[in-house]
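One structure is given here, and the rest of the page talks about it.
Derivation of every value follows stated rules applied to the coordinates shown; laboratory data play no part. Values in this document were obtained by computation on a predicted structure and should not be read as measured data. Note: ideal-geometry Cβ built from the backbone for every residue, glycine included; neighbour counts use all protein chains shown.
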Amino acid sequence: MEKKYDLLIVGAGIVGMAHAYEARQRGLSVLVVEQNDRCVGASIRNFGFITVSGQRAGDTWRRAAYSAQVWKNLAQLASIKVLHQGTWILCERPEAAEVAKAFLKTEMGKDCQYVAKADYSKLDQFEVNPALSLNLENSVGLLYSPHEFRVESREAIPQLAQYLEKKRGVDFCWNTAVLSIEGSQIKTSQGHLSADKVVICPGASLTGIAKPYLHHRPLKLCTLQMLRVKVDEGYRLPGSVMTDNSLARYLGWANLPEAAALKERIAKEMPDYLKEGIHLIVVQSEDGTLVVGDSHRYGAYEDVFASEKTDQLILDLLRQVLNIKALNVVERWTGVYPSSDAYDAFIEKVSPQLRVAVVSSGTGASTAFGLAKDNFDEWLTT
Ligand SMILES: Cc1cc2nc3c(=O)[nH]c(=O)nc-3n(C[C@H](O)[C@H](O)[C@H](O)COP(=O)(O)OP(=O)(O)OC[C@H]3O[C@@H](n4cnc5c(N)ncnc54)[C@H](O)[C@@H]3O)c2cc1C
């Protein structure tokens with residue numbers, strides 16, 4: 001290719017795609033270079049669960065709120081289906097109810113609500129009554145957040161790429177690995193390219209092109225197990241569903257002082273779940289199947305061997321929470337993302353021409369547009 005681009009993006013995951021979108025919004029010419037012939041990384045293996053509530057207070061929550069707006073807009077423009085809206089968190093422990101109520105008092109709790117068991121008769125006001133599809137017998141209350149929604153990532157990410165190419169003038173170069181970057185000269189497996197600026201969005205490929213710039217970052221890899229299950233014909237989720245150990249895990253809730261008692265109780269009651277980092281997220285696809293997860297195993301490398309015991313723990317939780325009779329696993333897969341205890345995401349400013357953008361937590365589908373916005377708002381004005 002002879003053309004010199006304003007910006008070259010390495011990686012066509014959601015972080016690369018969000019950078020392409022935000023860069024075009026600012027009038028830059030953009031080329032995305034991806035080593036595979038489509039995105040096959042975390043961005044298509046996730047739940048497609050675009051979340052705001054539960055994101056860590058501060059930058060991550062702010063980026064999620066912004067990203068949700070962009071996603072909604074792009075979903076319309078790119079004909080990406082929004083499959084369901086809102087999240088229900090089943091509180092089975094009184095300690096979880098305390099976290100939910102404390103959350104409502106923060107700015108992040110705006111428009112969310114807690115429905116105590118005594119008020120379950122009011123649940124029929126919702127478009128899909130959660131009492132019909134969830135087993136509420138052992139619950140003390142439900143936390144509801146209206147902010148979340150779901151897309152089918154394995155379809156949505158290719159649709160987004162196509163939209164960016166056809167309607168926003170982003171060029172894509174697939175099946176091409178970026179091998180080295182020297183100033184504006186980029187060597188790839190298909191020849192040389194040239195761009196004024198480069199942003200590497202490597203996802204979990206930490207040993208490749210981004211490695212020289214990340215050695216001081218304390219990053220691990222987190223491997224997750226996921227399942228797709230077929231349940232009773234006509235079964236309908238009321239929205240995304242989570243169990244109350246999510247309130248002890250997601251930092252927007254877990255960092256509240258009220259979460260200490262919940263964490264203590266979960267450590268006693270669910271040691272097997274804690275060991276594998278399991279909590280329940282359930283979302284639904286257009287064909288009625290449910291995408292269910294997840295577990296979190298941390299290490300220096302991707303754990304390629306999925307454990308049946310972990311899958312069974314996830315499925316046990318699912319059976320407890322949903323009003324279902326049939327349950328057949330139709331797909332299993334793992335996914336991996338970089339993880340840091342210190343931050344959810346970061347921009348490594350290597351030089352005035354080169355940056356690396358990494359989401360180092362399981363939040364990239366929900367925050368990537370906000371991360372890209374922050375990156376350009378600062379980069380293009382310095
Ligand atoms: C199982 C699972 C469930 C999740 N659920 C959710 C969720 O519901 N909600 C949420 O917000 N987040 C979720 N996440 C997190 C989210 O999916 C990730 O944070 C996000 O997808 C990361 O996007 P990315 O673009 O950085 O990485 P990726 O999607 O992995 O993309 C990186 C791309 O860079 C390419 N690349 C790397 N090096 C090169 C090179 N040298 N040359 C060319 N190309 C290169 C790779 O091939 C890859 O396609 C989940 C993650 C997993 C694994």
### Query
Each residue of the range 61-78 in order: what ³J(HN,Hα) in whole Hz does its phi give by Karplus 6.51 cos²θ - 1.76 cosθ + 1.60, θ = phi - 60°, with x for Gly and Pro?
5, 4, 5, 5, 4, 5, 4, 4, 5, 5, 4, 4, 5, 5, 4, 5, 5, 9
## Note on the structure
The alpha-carbon center of the range 31-75 and that of the range 281-332 are separated, in whole Å, by 21
## Note on the structure
Residue span K105 to I324: 0.36 nm per residue of separation minus Cα-Cα distance leaves a gain in nm of 75.4 nm
## Note on the structure
Yeah, the range 83-172 with a ≥ b ≥ c from its alpha-carbon gyration tensor (a/c under 1.5 is rounded, else prolate when a/b outruns b/c, oblate otherwise) is prolate
### Query
Between I181, Q113, N135, whose Cα lies farthest towards the positive end of the dipole of the range 111-224 when Lys and Arg beta carbons carry +1 and Asp and Glu beta carbons carry -1, centred on the Cα centre?
I181
### Task
Give K122/K230; K220/K263; K187/K220; K72/K167 a once-over and call out the pairs whose C-alpha atoms are over 20 Å from each other.
K122/K230; K220/K263; K187/K220
### Task
Kindly put T382, T188 in sequence by how many other C-beta atoms sit within 10 Å of each C-beta, fewest to most.
T382, T188
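Please work out how much length the chain gains when fully extended from D341 to A57, using 0.36 nm per residue of separation minus the C-alpha to C-alpha distance, in nm with one decimal.
On the way: separation 284, 0.36 × 284 = 102.24 nm, distance 1.50 nm.
The span from D341 to A57 would gain 100.7 nm if fully extended.
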### Summary
Gyration tensor on Cα atoms of the range 1-62, a ≥ b ≥ c root eigenvalues, a/c under 1.5 rounded, else prolate if a/b beats b/c, else oblate, says oblate
### Task
Provide M270, M108 in ascending order of the number of other Cβ atoms located within 10 Å of each residue's Cβ, fewest first.
M270, M108
### Message
Taking the number of other C-beta atoms within 10 Å as the exposure measure, put S351, S295 in order starting with the fewest.
### Response
S351, S295
### Query
Tell me, what ³J(HN,Hα) does each residue in the range 199-213 have, in order and in whole Hz, if you take phi through Karplus 6.51 cos²θ - 1.76 cosθ + 1.60 with θ = phi - 60° and put x for Gly and Pro?
10, 8, 10, x, x, 8, 7, 7, 9, x, 4, 7, 3, x, 9
### Task
Apply the Karplus parameterisation 6.51 cos²θ - 1.76 cosθ + 1.60, with θ equal to phi minus 60°, to every residue of the range 352-357 and state each ³J(HN,Hα) to the nearest whole Hz, in sequence, with x for glycine and proline.
x, 9, 10, 9, 10, 10
### Query
Taking square-rooted eigenvalues a ≥ b ≥ c of the alpha carbon gyration tensor, is the range 214-323 rounded, prolate or oblate, where a/c under 1.5 means rounded and, failing that, a/b exceeding b/c means prolate?
oblate
### Task
Rank A116, A65, A326 by mean-square fluctuation in a GNM of the chain with C-alpha springs under 10 angstrom and give only the top-ranked residue.
A326
### Beta bridges per DSSP with both ends in the chain, % antiparallel, nearest 5
70
### Query
What is the Cα centroid distance between the range 132-171 and the range 176-200, reported in whole angstrom?
33
### Query
So between S351 and E182, what do we pick up on full extension, going 0.36 nm a residue minus the alpha carbon distance?
59.7 nm
